[in-house]
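Okay, so here's the structure we're looking at.
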Amino acid sequence: MARSRSSSTVRRYINPAYYLKRPKRLALLFIVFVFATFFFWDRQTLLRDHEEEISKLKEEVIHLRNLLEELKNGGDMSVEKKKYSGEGGQAVKNLDSPDNILDAQRREKVKDAMLHAWSSYEKYAWGHDELQPQTKNGVDSFGGLGATLIDSLDTLYIMGLDEQFQRARKWVANSLDFNKNYDASVFETTIRVVGGLLSTYDLSGDKLFLDKAQDIADRLLPAWNTESGIPYNIINLAHGNPHNPGWTGGDSILADSGTEQLEFIALSQRTGDRKYQQKVENVILELNRTFPDDGLLPIYINPHKGTTSYSAITFGAMGDSFYEYLLKVWIQGNRTAAVSHYRKMWETSMKGLVSLVRRTTPSSFAYLGEKMGSSINDKMDELACFAPGMLALGSSGYSPDEAQKFLSLAEELAWTCYNFYQSTPTKLAGENYFFNDGQDMSVGTSWNILRPETVESLFYLWRLTGNKTYQEWGWNIFQAFEKNSRVESGYVGLKDVNTGVKDNMMQSFFLAETLKYLYLLFSPSSVIPLDEWVFNTEAHPIKIVTRNDWAVSSGSSGGSQESDRQLRTRKEGRFRVHH
């Protein structure tokens, strides 16, 4: 009976009719229910917040552990890494500080410039290589490969211009065709098209871009089929017939032959097919076989014998990026023994560079002369203004004293390059400059075609020194472009930097390089950090992948899977600047 009464009582208290007849007890039950709900929700919220905090702390620990591991392996502590420890005991600047607000405002102005350039290209030259803004039409300067579109992909991505990027991706997927009866520059096609596609793949993870990069690279490969392995510089994309331009006397050009290593090594790493890397690394091995004591090579090389011809030695046109890639392949391989010969060659070349340094009167501007035989020509291309950035980037591999010497030289040369701009009425630099006693510098060839080299060096110097002067110089250059080069339908170069007369071409590298470096100049160091990415000579960032058994000279064949694994375990995702 007791069990029966107990059971009856329980049924009564769970019967809704019981509470409907007793409103006070119903209200009490409701209050208990509300309090229990709030208590449970509060516990869940605290638990969720706790889990988020734990997750953030784990990410921080993993990042710091990776930094420690790299330091143990002899890596340098970059500007990005220093933000965790602070420089000179200083805390990291608040993101809302006046300096950072100004950076954000300037960054937005550069982004607006990119939108103006890109929307003009979309409207008047879609799918063509370059836009002619004055006549509002497109031209195919590179055989109709959509050079501006491909060159701009990673800039759009980095700036967060997603709608524009997706429209460009659709064109690449549906309209990009490399089967063209066109004699293409191996160099230009590699740095703009192969580099642009690979960079976009590294940023987005979208295999479409890797497949397209492999397609065009396969069409370029026959250029390396020479007795010495030094490539011809021109090839027909449809038929694969390589040759050199007639005006070189049959010779290959130094920069054109030694500036495919970053892209083709990266392609081998990402596809697992070593043939691309082997072709381009054989070039370096061949040149290293008879590398001169000063590391300076004439700009013409015989592709059959691998020997240099009597010609100019310069860090300007036709020589420049060969030296740049010696350094950058070493960085691309994460500075391991497998790429140490690149660093050794580069340091030898820097001894040669120092021998070309001259200073003007009366202002003592440092500049890089050009050498012909035993004589020095007092002329410097604006193209050679990449050198300050290269020197700053490479200085970290030296002893402290040597590093400071090269960094100081980089800063001196950057001051000269900035004055190339400041010395003209338009505040835009000419193509080259001459130096005569008593008059410092004078414009030689007076056009400006929207080149990026000086801004590139300012970007590196700001990232590596933290000196905001370089941002101010870059901003002044940007304002000069806005004043003199911006027109209704894009941006144009100047026929003459003294008179300001405009030309009718928006070069693809203005979007790929000039605007990208300006944007990064006003972005935090965590946007494309220099310890994770290396820029090709067209400013396309490529992921750094540690190289161990990938060196051609090692003869090993098992590196592709490991390199690919290391590539994919690096931090992925978009690089955004949040406002």
Just name the residue that is surrounded by the most Cβ atoms within 10 Å (Cβ to Cβ) out of those in segment 259-291 that are farther than 14 Å from Leu326 by Cβ and hydroxyl-bearing (Ser, Thr, Tyr). Tyr276
Being within 28 Å of Leu210 (Cβ to Cβ) and β-branched (Val, Ile, Thr) narrows it down to one residue among Thr514, Thr499; which is it? Thr514
Single condition Ser408 does not satisfy, out of (1) closer than 22 Å to Tyr517 by Cα; (2) without any contact (Cβ under 8 Å) to a residue 24 or more places away in the chain; (3) assigned to a loop (DSSP other than H, G, I, E, B): (3)
Test result for Gly295, surrounded by fewer than 22 Cβ atoms within 10 Å (Cβ to Cβ), closer than 20 Å to Ile230 by Cα, within 28 Å of the chain's Cα centre (by Cα) and of a type in the set (Gly, Ala, Ser): yes
When you go through (1) open to solvent by 10 Å² or more (accessible area, probe 1.4 Å); (2) more than 23 Å from the chain's Cα centre (by Cα) one by one for Phe420, which number turns out not to apply? (1)
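Results for (1) β-branched (Val, Ile, Thr); (2) over 21 Å from the mean Cα position of the chain (by Cα), shown as yes or no for each residue.
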{"residue": "Pro303", "(1), (2)": "no, yes"}
{"residue": "Thr308", "(1), (2)": "yes, yes"}
{"residue": "Gly319", "(1), (2)": "no, no"}
{"residue": "Val339", "(1), (2)": "yes, no"}
{"residue": "Arg343", "(1), (2)": "no, no"}
{"residue": "Ser355", "(1), (2)": "no, yes"}
Whether any residue in segment 428-438 is within 24 Å of Phe535 (Cα to Cα) and either surrounded by fewer than 18 Cβ atoms within 10 Å (Cβ to Cβ) or of a type in the set (Val, Ile, Thr) (or both) is what I want to check. no
Reported set for segment 411-436 where residues are assigned to a loop (DSSP other than H, G, I, E, B) and not β-branched (Val, Ile, Thr) is Ser423, Pro425, Lys427, Leu428, Ala429, Gly430, Glu431, Phe435, Asn436
Does Arg106 satisfy the criteria of being at pLDDT 95 or above, in contact with an Asp or Glu (Cβ under 8 Å, 6 or more places away or on another chain) and charged (D, E, K, R)? no
Test of understanding: among Glu513, Glu482, which residue is crowded, with 24+ Cβ neighbours inside 10 Å, of a type in the set (Asp, Glu), within 30 Å of Phe142 (Cβ to Cβ) and out of contact with any Cys (no Cβ under 9 Å at 6 or more places or on another chain)? Glu513
Going through segment 356-376 one residue at a time, which ones are under 21 Å from Ser311 (Cα atoms), out of contact with any strand residue (DSSP E or B) (no Cβ under 7 Å at 6 or more places or on another chain) and open to solvent by 60 Å² or more (accessible area, probe 1.4 Å)? Met372, Ser374, Ser375
Counting only helices (runs of 4 or more DSSP H) entirely within segment 437-536, those with at least 1 residues that are in contact (Cβ under 8 Å) with a residue 12 or more places away in the chain and under 14 Å from the mean Cα position of the chain (by Cα) are 453-465, 515-521
Given (1) of a type outside the set (Gly, Ala, Ser); (2) in a loop (DSSP other than H, G, I, E, B); (3) within 22 Å of Glu227 (Cβ to Cβ); (4) under 26 Å from the mean Cα position of the chain (by Cα), number of the condition Lys279 does not satisfy: (2)
I need the strands (runs of 3 or more DSSP E) fully contained in segment 103-210, keeping only those with at least 2 residues that are open to solvent by 30 Å² or more (accessible area, probe 1.4 Å). 137-139, 183-185
Any residue at all in segment 372-386 that is assigned to a helix (DSSP H, G or I), among the hydrophobic types (A, V, I, L, M, F, W, C) and out of contact with any Gly (no Cβ under 8 Å at 6 or more places or on another chain)? yes
Just checking, does segment 378-388 include any residue being open to solvent by 30 Å² or more (accessible area, probe 1.4 Å) and modelled with pLDDT of 95 or more? yes
Only residues that are assigned to a loop (DSSP other than H, G, I, E, B), hydroxyl-bearing (Ser, Thr, Tyr) and farther than 22 Å from Thr454 by Cβ: list them for segment 336-371, please. Thr336, Thr361
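The values are calculated or read from the model by the stated rules, or taken from the named source; none is laboratory data. On a predicted model such as this, the values are computed, not experimentally measured, just so you know. Cβ: placed from backbone, ideal geometry, glycine included. Neighbour counts: every protein chain shown. Side chains included, ligands, DNA and RNA excluded: accessible areas come from the protein's heavy atoms. Shrake-Rupley method; radii C 1.70, N 1.55, O 1.52, S 1.80 Å.
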